1. Could you check the stretch 74-85 and list, in sequence order, the residues that are without any contact (Cβ under 8 Å) to a residue 40 or more places away in the chain and of a type outside the set (S, T, N, Q)?
2. Please find, among Lys9, Lys53, Lys38, the residue that is in contact (Cβ under 8 Å) with a residue 12 or more places away in the chain and basic (Lys, Arg).
3. Of all the helices (runs of 4 or more DSSP H) wholly in the stretch 1-82, which have at least 3 residues that are within 14 Å of the chain's Cα centre (by Cα)?
4. Looking at the stretch 41-85, which of its residues are of a type in the set (S, T, N, Q), in contact with a helix residue (DSSP H, G or I) (Cβ under 9 Å, 6 or more places away or on another chain) and more than 22 Å from Leu13 (Cα to Cα)?
5. Quick one: Glu2 ticks every box in (1) modelled with pLDDT under 85; (2) touching a Gly at 6+ places or on another chain (Cβ under 8 Å) bar one, so which box is it?
Amino acid sequence: MELGWQRLKDNALVAGLQDRFDVLVTADQGFEHQQNLKTLRFGLLILHVQRNKVEFYRPFFGQMQAAVARIKPGEVSHIYGTPGA
């Protein structure tokens, strides 16, 4: 789903996510270091992929679903990998 949030700064994005979403899935590896995780009311799933394009995420959809199901507000989970590996 495209919400047009790619133009938002992190602080505005966090404000928009609070109480609306359970988990943010991102490739922004710095996000967890730029936010006070204790104040987040959603979980954070960081994907380490070669490029921020959907075809690089597809091989990890199963892992992503499992992580989203278990992540709690303020928690961070990482998925590492190389598509096709």
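The values are calculated or read from the model by the stated rules, or taken from the named source; none is laboratory data. In this text the structure is predicted, and so the values were computed from the model without any measurement. Neighbour counts are summed over all protein chains in view; Cβ atoms, including those assigned to glycine, are modelled from backbone coordinates with ideal geometry.
1. Going residue by residue through the stretch 74-85, those that are without any contact (Cβ under 8 Å) to a residue 40 or more places away in the chain are 74-75, 77-85.
Once the filter is applied, which keeps residues that are without any contact (Cβ under 8 Å) to a residue 40 or more places away in the chain and of a type outside the set (S, T, N, Q), the stretch 74-85 yields Gly74, Glu75, His78, Ile79, Tyr80, Gly81, Pro83, Gly84, Ala85.
2. Lys38
3. In the stretch 1-82, the matching helices (runs of 4 or more DSSP H) lie at 10-17, 31-34, 61-70.
4. Answer for the stretch 41-85, where residues must be of a type in the set (S, T, N, Q), in contact with a helix residue (DSSP H, G or I) (Cβ under 9 Å, 6 or more places away or on another chain) and more than 22 Å from Leu13 (Cα to Cα): Gln50, Thr82.
5. (2)
Let's see how each residue does on (1) surrounded by 10 or more Cβ atoms within 10 Å (Cβ to Cβ); (2) under 12 Å from Glu75 (Cα atoms):
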position: Val14; (1), (2): yes, no
position: Leu17; (1), (2): yes, no
position: Arg20; (1), (2): no, no
position: Val23; (1), (2): yes, yes
position: Asp28; (1), (2): yes, no
position: Leu37; (1), (2): yes, yes
position: Leu40; (1), (2): yes, yes
position: Gly43; (1), (2): yes, yes
position: Val49; (1), (2): yes, no
